[in-house]
Each structure stands twice: as structure tokens, then as C-alpha cells.
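To keep things clear, I will list the structure first and then write my remarks on it.
What follows draws every value from the coordinates through simple rules; no lab data is involved. Computed from a predicted model, the values in this text were never measured in an experiment. Cβ placement follows ideal geometry from the backbone for every residue including glycine, while neighbour counts extend to all protein chains displayed.
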């Protein structure tokens, strides 16, 4: 039996193929970035009350505002954790178009992505980020102290991930943001709508499923789960319950399930039992709300499914067909036409969107999607694309733009969209739909955040949403006149559209997201829907009807109803943060923010290349271990690692240093090793042992480029490297011992293409990976030899959804000192089969498929997400005339994705049974694999 990792080459290529299959990040998703900005970005900084705010020069106004805001609100944000002061760098990012914010250690910093999403809370975006992320800073400070320690950050960070559930960190922060402001996600019905729907439909879920998710069902997510549990804790155990739990963990960190044990100390319940008791409470509260609410049921116009599936933004093409954006656990987002009999016709897939969005008028379809800079991934764009349903032609209306929520005029000739400049100036722009030319800019002198504009039937009036710290407003532009119809509301106003002479929009006046309309003249508001769980995205249909999204247990479905005005109704929303809000007793933490002007200084990138943060243990194998000092600078432009390792078998030390500079278009890196080496050689039928030390220096230049277009992702990587080895202190080495290895050259070029994947995909439906590698010795006459390797990996759809077929042909030609090197993917079991000839080529066939999604909670030990299987048949050294009936290895494999011991990382466990061609006289080989990801 052999215990080893799965074939490394196949894993690397598989991961490369799907690198650009983007996954939608959640706002405040704690998705840490290691990407860079272009070197042309000029940075300044402001020091204010422990915060060092580092920002691009265009964001001077926003940086001054944050310099006033962060020190002022931090004592209030940290009050219930007994944290009043901190010291941390805060980076404001403005080159991207995806909303996010996070706090991290190693190095300690926070990043605010200044471009807001088109759908979020009813308050200022950067304020929204500040109140949430500062709570995370207070959490870290509570556990680590707010003073610098001798390089423990990475160890602390690892402990947070292993010892404290993510739902608690995020839930505590959401409770805080909701209790300290007039807004917050806890006050948004649609934010907890999936969980409410599941419970009221009788589908209670396990603790692990709520925390870790599911490959088949809609689940609440750990943000929502954490918010509801922490809200309940504060209501039952007071304002300082989070402080008590974290303080106890800090005192007694080295325990199995430290959080659960500390929670039990103060509440008499562990994590699972507390979740179940909270779920029972939610069921009672939401049933009472349901009994108070007047609701209607709507027939679904899409086909039924037991799988979580969303049909976003439905519109009528005609009386018999509906167009929508479809997305599910098995399908990446694409446009679909739904016929009257509920059969479906797939049109085409699209790229990643910050939010689902499109507009259809006069057979022209427009939508926005995110496009990334080929090299500097901190820079992205929101471009407008179009498709003509009659001519079947695509068009990219805008390039390198920052345009959001494009909406067409009735004749399809004009587009109105929200534009965000690099200085966070928000405007509405009118665009020619054919050429992308900006026809008109609607100035926004107050610089309110602008969202989801739309034209009326004449193309002369525009409705849109604005957001400030005071709330959301609904506006109407009629020629040169601008009027506010709903002012500074805490309602989640969104997506206003004109239907007849009224403006129809989304809000939650009755405590459930529904569809409302307002008369622009009388400003009277009436309801048009009374959904049980949530209604969204109305569009005018036929015969006096509207078509819209009606949320049900498996996602956003399609419904249609006659326009009948209803009373707005009483607000029966259940505010689970009410107790925490009373405990804090602050009102809005952003009231009375100072307005000082701070001194601005230039942030020199060249003077800030090092940021040492951690000394960590390093274990290479059972014989080599040591310590490593790490530095990663705040702008992710340089990494530096140095350390020492002890070779237990050689009883000697190794000294290491690595540096990587990533600010330029190519990534440049230098690796240095001073290390002991040992070899064995034969002299006159006697095996001799020889030792030496060597200085090894390797230089590497890599150019990673990638881009996306609709649902296709492409990547090109060009890599070149060389090295120099100087050997010294030889002991018992032969006379022909070579003391210098002079600059062997390595070249590598890789091309990847893949389509977007889903969470059930084992590999992309379509993908191609091609790699060329060439290594030779042009500067060393004593060590002649070269190797040329060609690799190809072709992924195809299998017999059913999410099945994958891989065909991989690989060739290498090796001579001289490289004649026994291996640069291509090998057959499974290769290292455990005695070779009969030198490796020249390989032909690999793999068929993989998922077959079960049990969502098993095996007590506190494991949560089983899925099971996958595979068949393989691998050939080696195929020659001309060879028949394909004699594979070298073949067999089966079984894998499962699990969360072990209720920890966040997803662990992939696998077993593979490899049968070997009988000419090798080899017993079957059993291999195991263990991989994990966050």
C-alpha cells in the first residue's frame, strides 16, 4: 500500500485550467487579495489616531473623510469587546469594480474597495465598510493585543481559522454594523430571506449545512447564520458576551473546539446545540410574522427543480416566451428562453457580474460584466456588452469602462448607466447603444451614490436610486427638472422602472421584499405584489400584467400577475438586532463625525518594500525542519522569506532566502540556498558516501497574463529561469567531482482556456491547456544535455451534467544530463512501477463524475458534501503502429469533499486503485490523496 498525493502534474494543470473561472465574492467577503495595482498608481498616506490610511491620490477627499471617521467610531465599534485603541494600516483601493472589504493578519492590514455595488445598504458605502471592518480589527486586537509582537501574525491567523468559526467573526460584525447604524444587513429582509423561506417551508437544516453550505440546496450562509446566533446571544447574555467568549479563548487557546467549549461555559450550550435552539426560536418568530402578513401565492412559469436554481430578471419576449438569466448549482450564469410549456432554450453564457443585470428593448439585449486587466488584477472594469436577438451578433459597447446597470431606451438606441470615476465621482451617463459614445452626462454635484437608472417609454424621463448616509432616495429626471419622490428612506429601494405613468420599484414596506409603485404626481405608494417570501425585478408584461421574480425554497422563480393596487400594509419585519441596538444605545455611529483636514504625505513604494510579520515553523519532511522569517509588503508588490532548516539525517543546517518583486509587468524572483548535500556513488563495486555544501542561486522571470470575455477565460504564462551552483567543502567525493553548475536555462510557455465552472463541476466543461518546456545547458561544456517537453490537456463534457472527460497527450525528448528527467504528466502509479524504458510520451484518459450530494453531518467529526468517482486508462511510450489495447495502468478512483472537525477548509479525500499491465508483474497499487482549499 502506498500513501501519496494525487498525480501532481494533473492537479497543477487542472487548477491552471480553472484559475479564471471566477466565483462571485460577497460584499465584506474577507476574500484576501494578493493582486497588484499598476506601477503608475501614485500613493499617499494619512496618519490619524492609530490608522495609517494609504490611498491612490485620486481618493484624497475620501481618505480625508476616513481619517476623520475611523478614529472617531473605533471606540464605539470596539466598546462591547473592550477595545478602544488600535494601530493598523488601511488601504483604499479604487482601480477595481468589485465591491469588497477585509481585514487580515500577515501582514496586519485592512483594505476598503471604494467602488460600491449597485445593490447594498441604505447608507454611505465607505461608512458601511468602516463599521463592519473595524469590528474585525477589534476582534483581532482582542485575541492578539493591539501592539506588535515578535512576528507571530501568521500563527495567529492560522489559529483564528482553525479555532474560531467564521460564522462568529462575521455574525458578530454584522450585529455590530446593524446595532450601531440606522441601516445594516440585519435590517434587510432579503438578506435572511433564504433561511426564512427554508424554515417556513419546513426544511430545517443541520448546523454544518448552515455553516458550510450545500451543493444542492439554498442555504443561509455563515454571515446570516452567525448574525442570527450572535443576535440571540446578545439578547440572552448581554452586550459583552462576545468579549467573554473571546477572552476565554485567549486564556485557554490549546483545546479541541476552543470556541464551542468557551460558548458552552457561558451559555451551557455548545455550537451545534446553540444553533438548533436559535433555529427553533427563528421558526416561532417567523411563523408569527407569517400569520400577521397578508400574502398571495403565484404560479411559477419556469420548470420545477429540486436543485437550487435562480431565474433572474424575467422579461416577456412575446406571449409564449420569456427571457431570463439562469444560474444553478450545475450551470454557470447564462441567458435562457423559457417557452410556454416550460421547456428551455439556452442562448449563451456570460461573464462574472457584480449583480445579475440586463436590459432588453427592441430585440437588443445589453448587460454589464467584469473584465480584468491582463496583468494587474487589482484593476478591473465594468463593461457593457450587447447581443441582437435578430442578427445574432455580439458587440462590446464599452471598453475599459466603469459603467454599471445599463438600461435601454424603448427604441433600443440609447443606454442610461451609472458611472463611477477613479475619484469616486458618481454620474449618470447617456450612451449611444451602437457605438458606445457618451452622449450626455447628468451631473451629480452632491456626489450621491447612484444606482440602477432606467428610461421611460419616451426616453425623456429617467428614474434612479441615490444613496447617502441619510438613506436611499428615489429620483425622477424630467428634462432639466430633477425631483425626489422618496427621500432618505431606510427602505431597500432598488431597480425603478416605468410602467405606464407610474414608477415601479422594490422595497420592503411590509417587512418582506415586494413590488411597489409610486405615482410621480401624487407621490402615492401602493403595493403590486404580496409575496410570501420576496418579490423582485418587475417588468411590464402583456394585458395589464407584470412579470417578476418570486422567491421560493429553491431560489428566484418566475411569476406573473395582473396589476392590481394593494395597500402598502403594516411592517411586520422581525428585527433580531433590536436587543443589541438597545444595549449599544448609540443611534447612528456616524453622527457628528469631525471635519478636520489632515496632513498628506507621499507613500513611497520603494521605501516600503519590506513588512516583516511572522516567524513560522517550516517542516519539509520527517528529516528537514526549521524556522522562517516572512515579509509581505502592504501593496503586495514584494515577498521576502529567509530562514534556517536543520537536516536531521545530515546533522547540518541549511540557510535560505527568497525574494519576489511583483510590481513590474514580469514577476522577478531570486532564490538562494546554502545547503548540505549528500550522494552515494560506486567505486570498484563499493558504494561510497559523499558530502558537500553548496551555494545555489536561481533567477526567475515570469509573465502571467490572463483575460476574460463573456464566459470564456484565457491565460498565458511565459517563464524563464537560470541558476548557478557553487559546491565546496567536499568530503569523500570522487576526483571528477564537478564544483560548479553554470547557468542551465529553463523556458516554459503555458496557454489555458476554460469556460466558467460551477460548484458541482469537477473540471471545466470545455478547457484546453498547452505547455511547452525546454531546458538546456548552453554555458557549461561539461554538462551537455537538454529536454524538450510538450504537454496537452483537453477537457470535454461527459455524458451528463458536471461530468468531465480529460484526454492528455504528452511528449518529451531528453538527452545528456537530462536524459532521466521527467517534465511531463505520467501514468498513475508511475513512481511505484519499475521502468522498462526511458519515458518518452504518455497518453492519459480520465473520466470523472459526481454521483451523490448527501450533506451528511457526522457529529462533530465531519460534514460530507459530495462523492465523486472516476475511471482512468493511461498509456506510456506509444510508438508508431502501437494498438491501444495495452494500457500501462488503469483503474478507478473515489473522492469526497468534507469539512473535518467543523473547520472551514474543504478537505478533499481520495483513494485510487491502480491496476498495472501484466507485463510488469506488479500487484495493484492503492493510493490515497489529501488536499484542502479555503
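Listing for the model above:
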| quantity | calculated |
| --- | --- |
| Burial ordering of 310, 501, fewest other beta-carbon atoms within 10 Å first | 501, 310 |
| Options [x] 51.9; [y] 56.4; [z] 41.6 - which one matches mean projected area of the Cα convex hull in nm² as calculated here | [z] |
| Net lengthening on full extension, residue 201/residue 85 (0.36 nm per residue, minus Cα-Cα) | 37.2 nm |
| Centre separation in Å (Cα based) which lies between the stretch 556-591 and the stretch 452-489 | 22 |
| Normalised contact order of the chain, rounded percent, pairs of Cα under 8 Å and 6 or more residues apart | 11 |
| Using alpha-carbon coordinates, inclination of helix 271-292 to the longest axis of the chain, degrees | 20 |
| Shape category assigned to the stretch 685-750 from the gyration tensor of Cα positions, a/c cut at 1.5 | prolate |
| Order of 650, 741, 180 - criterion: other Cβ atoms within 10 Å of each residue's Cβ, fewest first | 650, 741, 180 |
| Residue-averaged 222 nm ellipticity for the chain, from DSSP H runs of 4+ at -39500 (n - 2.57), nearest 500 | -5000 deg cm²/dmol |
| Gyration tensor verdict on the stretch 164-293 (Cα atoms; rounded if a/c is under 1.5, prolate if a/b is larger than b/c, oblate otherwise) | prolate |
| Estimated FRET transfer efficiency (residue 799, residue 295; beta-carbon r; R0 30 Å; 0.05) | 0.10 |
| Crossing angle, helix 241-251 versus the chain [Cα axis fit, 0-90 degrees, rounded to tens] | 10 |
| Beta bridge orientation in the chain: antiparallel %, DSSP, nearest 5 | 95 |
| Förster radius 60 Å - calculated FRET efficiency between residue 852 and residue 691, Cβ distance, rounded to 0.05 | 0.65 |
| Added length on full extension, which subtracts the Cα-Cα distance from 0.36 nm per residue, residue 545 to residue 34 | 179.1 nm |
| Rounded Å value of the spacing that divides the Cα centres of the stretch 729-771 and the stretch 369-443 | 40 |
| Sequence of 574, 817 once ranked by neighbouring C-beta atoms within 10 Å, starting from the fewest | 574, 817 |
| Residue 703-residue 779 FRET efficiency (beta carbon distance; Förster radius 22 Å; 0.05 resolution) | 0.45 |
| The chain: angle of helix 153-163 to the longest principal axis, Cα-based, in degrees nearest 10 | 70 |
| Simple spin-label estimate for residue 247 and residue 646 in nanometres, 7 Å along Cα-Cβ | 4.0 |
| Span from the the stretch 67-104 Cα centroid across to the the stretch 212-247 one, whole angstrom | 21 |
| Shape category assigned to the stretch 309-562 from the gyration tensor of Cα positions, a/c cut at 1.5 | rounded |
